[in-house]
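Here the structure is laid out as structure tokens; the discussion comes afterwards.
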Amino acid sequence: MKIPFLHFPATHMPIKKEMMEAFELVFDSSWFILGQQVNAFEKAYAHFNQVEHCIGVSNGLDALHLALKSLHIGPGDEVIVPSNTFIATVLAVSYVGATPVFVEPDRKTYNIDPKKLEEKITPKTKAIMPVHLYGQACEMDEIMSIASKHGLYVIEDNAQSQGATYDGKITGSFGNINATSFYPGKNLGALGDAGGITTNDATLAEKARTLSNYGTKVKYVNDDIGFNMRMDEMQAAFLKVKLAHLNNWIEQRRQIAKWYDEYLSEINQIILPYTHPSATHTYHLYVIRTERRDELQKHLTSLNIGTLIHYPIPPHLQNAYADLGFGKGSFPIAEEIADTCISLPIWPGMTEEQVAYVSQGIKSFFNA
């Protein structure tokens with residue numbers, strides 16, 4: 001049996017007719033930029049995310065960048081970010097000229113640890129950027145309370161956790177202004193690059209929308225030095241179709257995760273995903289940990305089982321951030337996760353038989 005890490009046909013083929021109809025709608029309209037499809041998707045996603053405003057943009061990194069710019073964060077400012085995250089979170093801080101300040105994660109959830117936040121806050125701190133990693137909501141009540149206490153903005157990086165909740169409230173609706181990605185591999189993925197910004201603040205929404213479109217509200221009248229960071233009509237049309245299926249796909253991911261939990265529960269050499277009691281998990285990724293990660297990955301590859309590592313090098317050890325002066329051991333929890341984590345195949349449409357095959361491959365490795 002061959003099990004790829006991600007299998008788009010299992011998700012896309014059942015909705016192919018709807019997707020082709022969306023394509024024809026845009027094709028026949030001859031309107032490809034900032035039209036009815038973007039407007040319709042923005043309204044639909046805002047409703048899904050339980051916020052007043054959604055701005056469709058070009059990708060998740062641009063969404064983070066625009067969120068920071070909308071808050072006038074720039075040179076001399078500090079933004080708190082997790083020490084274990086995809087590099088885009090940190091790049092966005094660099095794009096506006098601010099300094100990223102790393103905070104270690106909780107060892108169980110892998111999300112930024114609220115108990116470690118206040119020790120990193122300085123007079124230069126302007127914002128906290130929690131990342132809902134792998135699909136699980138951060139401890140947002142605690143984060144929002146700390147931000148309020150210190151007069152800080154909160155920008156949620158919701159790229160991996162659309163539909164997750166903390167204390168019953170959906171991610172992407174807590175912060176002042178929040179960003180998400182619709183990269184094809186995400187739980188809600190376009191057929192190309194796309195991203196979104198969510199907020200309940202009308203002023204911030206207007207600022208982000210203006211910045212994303214050359215800094216203009218009226219064509220050829222430029223109020224700001226803006227960017228070309230718009231979502232195109234085709235991706236909006238595809239995303240609107242897929243959004244209607246998202247809750248069902250999340251439930252499938254949770255069932256697949258439950259199967260993994262059951263099949264792998266007796267293997268003492270691995271650490272299974274943990275969900276905080278107040279959080280929900282959408283399982284964008286199903287991540288296990290083991291000291292023998294590299295050997296296990298090679299073994300699974302030999303069985304035609306695809307895996308990935310999210311992420312092998314923490315941001316503070318990337319060459320791009322060597323100037324920050326951090327060496328090995330600076331953020332030991334992030335480094336430990338990077339050295340031991342491995343993401344198993346998970347996608348809507350994956351069967352229990354396929355999960356059992358992957359699990360048996362893991363068991364055979366540790367039983368050898």
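Values in this text are rule-based calculations from the coordinates and carry no lab data. What you see is a predicted model, and the numbers here were worked out from it, not measured in a lab. A quick note on method: Cβ atoms are made from the backbone with ideal geometry, for glycine too, and the neighbour counts reach across all protein chains shown.
Mean separation of Cα pairs under 8 Å and 6+ residues apart, divided by the residue count of the range 246-367: what relative contact order is that in percent? Write out the running numbers ahead of the final one.
Details: 136 pairs, mean separation 46.3, N = 122.
Result for the range 246-367 is 38 percent.
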- request: Tabulate in residue order the Karplus-calculated ³J(HN,Hα) for the range 363-368, using 6.51 cos²θ - 1.76 cosθ + 1.60 with θ = phi - 60°, rounded to whole Hz; enter x for Gly and Pro.
  value: 4, 5, 5, 7, 8, 5
message: Take the chain, mark every one of the GluC sites (Glu not before Pro) that falls in a DSSP loop and has at most 14 other Cβ within 10 Å, then report the longest stretch left between them, sites excluded.
response: 53-265
message: Just to be sure I understand, if you calculate log10 I(q)/I(0) by the Debye sum over Cα atoms at q = 0.07, 0.09, 0.11, 0.15 Å⁻¹ for this structure, which of [x] -0.36, -0.58, -0.83, -1.35; [y] -0.31, -0.51, -0.76, -1.34; [z] -0.35, -0.55, -0.80, -1.49 do you get?
response: [y]
task: Please report the relative contact order for the chain, taking Cα pairs under 8 Å with a sequence separation of at least 6, and give it as a percent rounded to a whole number.
output: 22
message: Could you give the length gained by full extension between K116 and I225, i.e. 0.36 nm per residue of separation minus their alpha carbon distance, to one decimal place?
response: 35.6 nm
statement: Dividing the helical contributions, -39500 (n - 2.57) per DSSP H run of n ≥ 4, by the residues of the chain yields a 222 nm value, nearest 500 deg cm²/dmol, of -11500 deg cm²/dmol
The range 36-141, relative contact order [Cα under 8 Å, separation at least 6], %: 24
statement: For the range 326-334, Karplus-derived ³J(HN,Hα) couplings (6.51, -1.76, 1.60; θ = phi - 60°; whole Hz; x for glycine and proline) come out as 8, x, 4, x, 5, 9, x, 5, 4
Derived scalar couplings ³J(HN,Hα) [the range 128-133; Karplus, 6.51 cos²θ - 1.76 cosθ + 1.60; whole Hz; x for Gly, Pro]: 10, 10, x, 10, 7, 6
- prompt: What whole number of Å gives the distance from the Cα centroid of the range 5-72 to the Cα centroid of the range 173-197?
  reply: 8
- prompt: Out of T351, T165, T89, any idea which swings most in a Gaussian network model of the chain, alpha carbons joined below 10 Å?
  reply: T351
- prompt: Sequence-distant or interchain residues sharing an amide H contact under 5 Å with V154, placed H: which?
  reply: I128, N176, I177
query: Going by how many other beta carbons lie within 10 Å of each one, how would you line up F41, F23, F32, fewest first?
result: F32, F23, F41
- prompt: How do the peptides 276-287, 143-154 rank, highest first, by the average count of neighbouring beta carbon atoms within 10 Å per residue?
  reply: 276-287, 143-154
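Kindly put C341, C54 in sequence by how many other C-beta atoms sit within 10 Å of each C-beta, fewest to most.
Numbers: C341 22, C54 25.
Result, fewest neighbours first: C341, C54.
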query: Sequence-distant or interchain residues sharing an amide H contact under 5 Å with N111, placed H: which?
result: D106
